[in-house]
Structures are given as C-alpha cells and as structure tokens.
Amino acid sequence: MSRLTDLIARTKTKDRALGDELEREFKALASRRAFGLNFERHRPESVELPERPIRWGDKVRILPARGSTEKGDQRLWKVLRIDEADGKRTAHLTLIDAGEPETAARATEDLVVVAEFRDHIYPGLISTGKVERGGDKPYHTVINGENFHVLEALTYTHRGRIDAIYIDPPYNTGARDWKYNNDYVEGEDLYRHSKWLAMMERRLLISKPLLNPNESVLIVTIDEKEVLRLGLLLEQIFPEAKIQMISSVINPKGTGRVNEFSRTDEYIFFVLLGNAGVPNKVGDGNAVEVRWRYLRRTDVESARGTKKGGPSQFYPIYVDNETGKIAKIGAPLPHGVDRNQAPDLDGCTKVFPIREEDQMEMNWGLTGPSLRKAIDNGYVRVSRNEKSELQPFIFSYLTAPNVKKIAQGVLEKVGKREDGSWIVVDPSGKSSRPTTAWKFKSHEAGAYGTSILRSLLPGRKFPFPKSIYAVEDCLRLFVANKPSATILDFFSGSGTTAHAVMRLNHQDGGHRQCISVTNNEVAAAEQKALCLEGKRPGDPDWEQWGICDYITKPRIRAVITGKTPEGEYINGDYKFTDEFPMAEGFEENAEFFTLTYETPISVHHNLAFKRIAPLLWMRAGAEGSRIDELPEQGWAIGDTYGLLIDLDRSADFCAAVESREALRMAFIVTDDDRRFQSVGRRLPDSVEPIRLYESYLSNFRFSMGR
C-alpha cells in the first residue's frame, strides 16, 4: 500500500490530473468490501447534450454524417476557439488524452457537447409550458433532463424535504431498454449487471440526502433480473433503514417463456427511514359503505343509437322538484326522435342521460322496468347536481352482484336515505394488515397501465407502463396522512407517479405535489428510422418523438384537463378506490421544464437569473407567482418567497416581508457575510434567509462522481 502511495505522489508531481485520477481509483479499490456486493464501477458515465449550444472550452464529440446509422467517433475533443463567418460557426478542436497531438475543425452543428460525471455543471431550468386548473395549489413539476444532473440540482431545492420516492428503473432485461455512456446495454454484454449497479448506485447515493431523515420512504420496483443485486445494494446504501420486499402480481396470465416458469409478478422494495412504518391496518376497521354504479353510461360505445344498450335505454326520468325522488320513468324514445319531444311533467325535472363534457346522448345502464324494480327495492340513489344544467340530478344504483350479496348476508342494510334508498355496508370493512404477497386486480399492468395510457394518448405507445392503481396503493400506505407531501420519481417514464399523486389528492382534498424527472430519449427502433431520414438528436423533428415531449408531458396535461392531445374528452372511468369519469380531469397545476447547463460567469453576474429563477421558486414550495426577472427596484416579493438584490433597499424589503404571512424564504444577493447577517436578523423568524449567489455556486458547482 505504501509503495503505491509513493508512486501516486510521484505521478502527481509530473501530471497532477493523472495523479488525482489514480488516487481516486486506488481509494475505491482499497475500500472494497471483503464480502457483500462487490462490482466494477466502470469509468464514469457521460451524457450527450444535443440541445446545448457549443461554447469555448466545451468537451465534444464529432457526430456522424446526416443519414448515417453508424455509431460515430466516440473520442472526446476540446473546443479551443470558435470562428464565425457568413453565418456559420466553426469550432477548432484538439483531441483529449491523445498520445500524439491531433487537431480538427468542424461546423458546430456537427458537434455534440458531452458532460462526464466528473465535470463541473451549473444547472438551470427553462419553462416549456404549464397547465393550471388547481387555483392556489402547489405545482407538480416535470423536468426533462439527465436524471443524475437533476438530482444534483434537487439537493439545492429539496434536501431533506422529500416524503416519498417512487421509482421504476430499467429492469436490465438485455432488450436495449437503457443506456450506459450513450450505448444501449444488451443481453450479451458481459458487464451489464455491474453497469446497471453502477448506474443505480450513483443515483441512489445522490437521492438519499433528499429524503426526510425523520420519516420518509423509498419505493423501488424491479423484476427477477436484478432483484437480488438491488436488495444488496439498498442494504449497503441505507444501512440504517428498515427494508422489506413484497411480490405483486401484475400479469395473472403470465409471460410466455421457453423452458422457464411463466412470470406473473414483480417485486417492490420499501426502504423505510426514520419513523416511517407500514400501517398495522389499512382502513379504519369499521364497516364501509358499498359503492354504487352511475346509472348514466359514459363510454362512447354506449352512446344513444349504438348496439350496446339498444333503443330501450334512452328515456326520460322525472324527478320531483320538492322531494328529490324519482316520480316517473318515461317511455323510451326511438333513435332519431328529438328528446325535446318527450312530454314535461308538472313539478318535476326531466333528466336524460347526456354526457356533460360534449353533450353526447348516452344510454342509461338499466332498462325502464329494471330501474323501476330497483327503485321499489330501494337500490337507486338520487343526488342533486347544481353545477350542471344537462344533468341536474345524478342517479346511482346497486349492481346485481351486490344485491345478491345482501341476500347471502355478506352485505348489510343499515338504514335508509331521504330518497328512499338503502344504506348498504360491508360489515367486514376494508381494514386488513398489509402482507408481502399482493394479488389485486387493480394492479394488472395491461388493464390499468397500458389501456389507461391508450385512453389518455390515443395512438401513442409506451412499453410496460405501471398500473395507476398499483402506484397509488404503494404511496397511500405512507402519505395518506400527509396531505402536503412531496413525492419524487426520477425514472418517471410515462408519468404514472404524478397521475397517482393527483388521484390521492382528489380523494382527500390534499395538496401533495410530485416532481417527475425523465429524459427525452427516442426509442431504439425509431432512432434508426430517424437517422436514415437525415435527422439527429437536437433537431425538432427528432425531439418531438422523445419520451418527455411525446408521452410524459402530454399525459400530465391530459389527466388534468380531461382531454386527449387532440382535444377530445377522454373516454372511460377511473375505478376502484375513487370512481369518476376521466373526462372530469383534476383540479391541479403542473409546469414543464427542461434542464439547462449554465456557465459560472453568467450565474455569478446575474446573466442567467431567468434560468435560476425556477429553482428558487421550487425551493420555496413551487406555489403561486414566480420572480422571473431581476427587479428594477432592487427587491421583489412573490407568494411564498422574496428576492433582495440591492441591500441599500433592505429596509423596504424587510417591511414588505413582514406584511406577508405566507412568505417562507428570502433570497439575498450579496458577497458580504456581515450585511447578509444584518438583513437576516431583521426578517421574521418564520422566514428563512438564503444567500445568493455564493449559496447557488457552492451547491450547484457539482463535480459528478467525486
């Protein structure tokens, strides 16, 4: 050991960078465990940044010619200078780590910037759109960027503030489903397991400080390809945590495999930190009321005039305006007859099955005689709907299977409502102790992952999306009693986690927010076709097919608005815990961002403030207004934070902060620690003072992998 240390010291005197590199590798080897999970960390990851402008001093690769599907030159070059003539920019390059000096000159459009995991980066965010239906609720955020870099940025905005992380990382099946150093990892790669572990370890290590150490949870899904290695990795990274693994059936039919068992399940690790624990009982242990089905059908296949339901299920229902009870069931109207021809009834409101969002005429779920029988037995409910002129009353009925359960004694009648319907409960309730083996219909990935995504984004495909209800159930165990929880998913893919968080909010009026991180990678099969068309990463015609722009952002917009990207109302209903039409959407806010890479000079001199502004806003809770421009008066106040750039105006700033009870943070731009402390002392105790930009640079001057 001492001999190696001496040799490294001698190397440093001749080549400092090489000596430092050797010392890091030596320390990594010396710290290897004698037992446990040992794996090759590989050379640090690198990522190409196709949309980043080429700058002096950048590390770049030379791209293959347009129209080529070849891999291209993987060597790294440094930009020495950039010349511009006749509107064209030419970069002069020198080869990095070359045995013999080598230079080249290339058009900047034929280069791509490369960030290695030991390079210093200064991230920022550019807003690429938003959707707002949630009033003063906090915003869900979707960030398009390399997830390791985004996680580094989040150590500034959310250190110790994340209540739950849910991730569904690549399963490393060998089917070109993920990349390491810009290359797909395939089944014949002898190092694919250690590459996967190296990739996961780096991200788990940087995400750990984001979790609330007092009480939080990390949830990771995986299949049998990496389940054993992942379990050991989690134990090594989180030695202080309680870790359990459960199996969950997601495909009851099983996947077809030659000479192997047919796989029906996957695995979910729960890493519990601090006081986090699995609830002893799910539910309150009391009898729960049975759900009733909407009488008006919602799917397009059940529209008036279609085969489903037939002509006997479009008829008027007359509701007594005084009692709110059904007074009469009208005769069915043949298809083609205007519903306004149905007679009115004095003292009653005439209701037809009309879909509110597009005024489509639907069918009722029961024929007139069947509805009459259900009413007489007390199995139809009527509730007023003052928000709608088309549907001033909403009807629900108890399904035949539940009626049968009443006769069998499984369900019980415990009283009547004012409209004459029975109150029916399940006396066993929903309370049960969670087990380590899950087999729930709602967790089937095909029916409630793929099919739901197909309804949200017709014609768009994404491989193996999770069941929305499976993610929802995992999170509910730990954030049900945290209505303001912050959830993070840094392998967000199609955006299922954010969707699940919105459903949890819908169920209890919560203000939970989700941070979704994904890249804009184009699927492997589509990349080749685009290359043959002469397109490259960074081209608008290429980027439009990426995961973030083509799937994630459109899905989040669709679930909030209730409309597909084509502007049509979404067909279908949510099921299980919270049943309602998907076309209703959610009263939520979301904003979409793309990660940028700033220069330290522009950050230090306020030139990049507009790209730093979203990070300050996120640190203050991602609520309300954002300060996007440097204020001319020297200070500004948002809904949850303030910004002071001219300390000579600090008296006015502090007075304004004092008058705003909702403020949480005050960002103060100064290099003078004494003046910063002076301003901080004048702020209310409820407002946290934060210094910029030293605070920004010290947190964001990330050197990846060190």
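The values are calculated or read from the model by the stated rules, or taken from the named source; none is laboratory data. Not measured: the values here are computed from a predicted model. When we count neighbours, we look across all protein chains shown, and the Cβ atoms used for this are built from the backbone with ideal geometry, even at glycine. All accessible areas refer to the heavy atoms of the entire protein, side chains included, with ligands and DNA or RNA removed. Shrake-Rupley method; radii C 1.70, N 1.55, O 1.52, S 1.80 Å.
Could you please find all residues in the range 665-676 being under 38 Å from the mean Cα position of the chain (by Cα) and either part of a helix (DSSP H, G or I) or surrounded by 16 or more Cβ atoms within 10 Å (Cβ to Cβ) (or both)?
Filtering the range 665-676 down to residues under 38 Å from the mean Cα position of the chain (by Cα) leaves 665-671, 676.
Selection gives MET665, ALA666, PHE667, ILE668, VAL669, THR670, PHE676.
Sort through LYS88, LYS12, LYS59 and tell me the only one that's open to solvent by 50 Å² or more (accessible area, probe 1.4 Å) and either within 30 Å of ASP539 (Cα to Cα) or at pLDDT below 90 (or both).
Numbers: LYS12 fails: open to solvent by 50 Å² or more (accessible area, probe 1.4 Å); LYS59 fails: open to solvent by 50 Å² or more (accessible area, probe 1.4 Å).
Only one candidate passes the filter, namely LYS88.
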What pairs come up if the first residue lies in the range 9-31 and is in contact (Cβ under 8 Å) with a residue 60 or more places away in the chain and under 18 Å from GLU116 (Cβ atoms), the second is among the basic types (Lys, Arg) and open to solvent by 70 Å² or more (accessible area, probe 1.4 Å), and their beta carbons are under 8 Å apart, counting only those six or more places apart or on different chains?
ARG24/ARG706
Can you tell me which residue in the range 246-290 is modelled with the lowest pLDDT, limited to those that are crowded, with 16+ Cβ neighbours inside 10 Å and under 30 Å from ARG384 (Cα atoms)?
ALA287
Just the residues that are touching a strand residue (DSSP E or B) at 6+ places or on another chain (Cβ under 8 Å) and in contact (Cβ under 8 Å) with a residue 60 or more places away in the chain, please, taken from the range 501-519.
VAL501, MET502, GLN513, CYS514, ILE515, SER516, VAL517, THR518, ASN519
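Where residues in the range 308-351 are in a loop (DSSP other than H, G, I, E, B) and among the hydrophobic types (A, V, I, L, M, F, W, C), which of them is nearest to the chain's Cα centre (by Cα)?
Our first condition is that a residue be in a loop (DSSP other than H, G, I, E, B); within the range 308-351, this holds for 308-310, 314-316, 321-325, 330-338, 342-347.
Among the residues that remain, those that are also among the hydrophobic types (A, V, I, L, M, F, W, C) are: 314, 331, 333, 337, 342, 345.
Details: PHE314: 41, ALA331: 49, LEU333: 46, VAL337: 47, ALA342: 49, LEU345: 51 Å.
Filtering the range 308-351 for residues that are in a loop (DSSP other than H, G, I, E, B) and among the hydrophobic types (A, V, I, L, M, F, W, C), the one nearest to the chain's Cα centre (by Cα) comes out as PHE314.
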Breaking point among (1) open to solvent by 40 Å² or more (accessible area, probe 1.4 Å); (2) out of contact with any Gly (no Cβ under 9 Å at 6 or more places or on another chain); (3) modelled with pLDDT under 90; (4) hydrophobic (A, V, I, L, M, F, W, C), for TRP545:
(3)
What number of residues in the range 44-56 are open to solvent by 40 Å² or more (accessible area, probe 1.4 Å) and in a strand (DSSP E or B)?
1
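Confirm whether TYR550 is open to solvent by 30 Å² or more (accessible area, probe 1.4 Å) and in contact with a strand residue (DSSP E or B) (Cβ under 8 Å, 6 or more places away or on another chain).
Values: open to solvent by 30 Å² or more (accessible area, probe 1.4 Å): yes; in contact with a strand residue (DSSP E or B) (Cβ under 8 Å, 6 or more places away or on another chain): no.
The answer is no for TYR550.
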Return the pair list, or none, for Cβ contacts closer than 8 Å from residues in the range 228-242 that are touching a residue at least 60 places away in the same chain (Cβ under 8 Å) to residues that are of a type in the set (Phe, Trp, Tyr) and part of a helix (DSSP H, G or I), at least 6 apart or on different chains.
ARG229/TRP196
Give me a count of the residues in the range 95-132 that are assigned to a strand (DSSP E or B), among the polar types (S, T, N, Q) and open to solvent by less than 40 Å² (accessible area, probe 1.4 Å).
0
Test each condition in (1) within 35 Å of the chain's Cα centre (by Cα); (2) at pLDDT below 85 for VAL112 and report the one that comes out false.
(2)
Please give the number of the condition ILE423 fails out of (1) free of Cβ contacts under 8 Å to residues at least 12 places away in the same chain; (2) open to solvent by less than 50 Å² (accessible area, probe 1.4 Å).
(1)
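Kindly indicate whether GLY135 is open to solvent by 20 Å² or more (accessible area, probe 1.4 Å) and at pLDDT 95 or above. Even if it seems obvious, please write down each step before you answer.
On the way: open to solvent by 20 Å² or more (accessible area, probe 1.4 Å): yes; at pLDDT 95 or above: no.
In short, no.
Would a scan of the range 332-354 turn up a residue that is touching a residue at least 60 places away in the same chain (Cβ under 8 Å) and open to solvent by 50 Å² or more (accessible area, probe 1.4 Å)?
Taking the range 332-354 as the starting set, the residues that turn out to be touching a residue at least 60 places away in the same chain (Cβ under 8 Å) are none.
Among the residues of the range 332-354, not one is touching a residue at least 60 places away in the same chain (Cβ under 8 Å) and open to solvent by 50 Å² or more (accessible area, probe 1.4 Å), which makes the answer no.
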Looking only at the range 214-229, count every residue that is modelled with pLDDT under 95 and either part of a loop (DSSP other than H, G, I, E, B) or not β-branched (Val, Ile, Thr) (or both) and tell me the total.
6
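Out of everything in the range 235-257 that is in a strand (DSSP E or B) and among the polar types (S, T, N, Q), what residue ends up being nearest to ARG203 (Cα to Cα)?
Taking the range 235-257 and keeping what is in a strand (DSSP E or B), we get 242-249, 255.
Those left that are additionally among the polar types (S, T, N, Q): 244, 247-248, 255.
On the way: GLN244: 20, SER247: 24, SER248: 25, THR255: 30 Å.
Only one residue fits best here, namely GLN244.
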As an exercise: evaluate VAL471 against (1) open to solvent by 10 Å² or more (accessible area, probe 1.4 Å); (2) within 12 Å of the chain's Cα centre (by Cα) and give the number of the one condition it does not meet.
(1)
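With open to solvent by less than 50 Å² (accessible area, probe 1.4 Å) and modelled with pLDDT under 90 as the only criterion, which of THR306, THR323 stands out? If you could, list the steps in order and put the result at the bottom.
Details: THR323 fails: open to solvent by less than 50 Å² (accessible area, probe 1.4 Å).
Step by step, each of THR306, THR323 is checked, and only THR306 is open to solvent by less than 50 Å² (accessible area, probe 1.4 Å) and modelled with pLDDT under 90.
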Output the residue which, of all residues in the range 433-454 that are over 13 Å from THR496 (Cα atoms) and among the hydroxyl-bearing types (Ser, Thr, Tyr), is least open to solvent (accessible area, probe 1.4 Å).
SER442
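Give the range 198-216 a look and list any residue that's open to solvent by 20 Å² or more (accessible area, probe 1.4 Å) and of a type in the set (S, T, N, Q), or say none. Give the steps one after another, and end with the answer.
If we filter the range 198-216 for residues that are open to solvent by 20 Å² or more (accessible area, probe 1.4 Å), which is where we start, we get 201-202, 205-206, 208-209, 212-215.
Scanning the range 198-216 gives ASN212, ASN214.
Confirm whether ARG66 is farther than 30 Å from ALA485 by Cβ, among the basic types (Lys, Arg) and part of a strand (DSSP E or B).
On the way: farther than 30 Å from ALA485 by Cβ: yes; among the basic types (Lys, Arg): yes; part of a strand (DSSP E or B): no.
So ARG66 does not fit the description; no.
Filter the range 505-536 down to residues that are of a type in the set (A, V, I, L, M, F, W, C) and over 20 Å from ILE551 (Cα atoms) and give me whichever is surrounded by the fewest Cβ atoms within 10 Å (Cβ to Cβ). Break it down into steps so the answer makes sense when it comes.
Start the filter on the range 505-536 by keeping residues that are of a type in the set (A, V, I, L, M, F, W, C), which leaves 514-515, 517, 522-525, 529-532.
Adding the requirement that they be over 20 Å from ILE551 (Cα atoms) leaves 531-532.
Values: CYS531: 18, LEU532: 12.
My answer is LEU532.
If a residue has to be of a type in the set (Gly, Ala, Ser) and modelled with pLDDT under 85 to count, how many in the range 115-132 make the cut?
First, the residues of the range 115-132 that are of a type in the set (Gly, Ala, Ser): 115, 124, 127, 129.
Narrowing further to those that are modelled with pLDDT under 85: 115.
The number of residues fulfilling the criteria is 1.
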Exclusive hit being modelled with pLDDT of 90 or more, within 19 Å of ASN147 (Cα to Cα) and of a type in the set (Lys, Arg), set LYS482, LYS553:
LYS553
Would you please list the contacts, defined by Cβ atoms under 7 Å and residues six or more apart or on different chains, that run from a residue in the range 635-651 that is touching a residue at least 12 places away in the same chain (Cβ under 8 Å) and assigned to a loop (DSSP other than H, G, I, E, B) to a residue that is open to solvent by 20 Å² or more (accessible area, probe 1.4 Å) and among the basic types (Lys, Arg)?
GLY638/ARG626; THR640/ARG664
Pick from the range 597-626, criterion among the β-branched types (Val, Ile, Thr) and surrounded by 21 or more Cβ atoms within 10 Å (Cβ to Cβ), ranking: modelled with the lowest pLDDT
VAL603
Do the conditions hold for ILE96, that is, is it in contact (Cβ under 8 Å) with a residue 60 or more places away in the chain and not acidic (Asp, Glu)?
no
Just one of (1) over 16 Å from LEU398 (Cα atoms); (2) open to solvent by less than 30 Å² (accessible area, probe 1.4 Å) trips up GLY378, so point out which.
(1)
Test set (1) at pLDDT below 95; (2) within 25 Å of LYS137 (Cα to Cα); (3) among the charged types (D, E, K, R) - LYS461 fails condition number
(2)
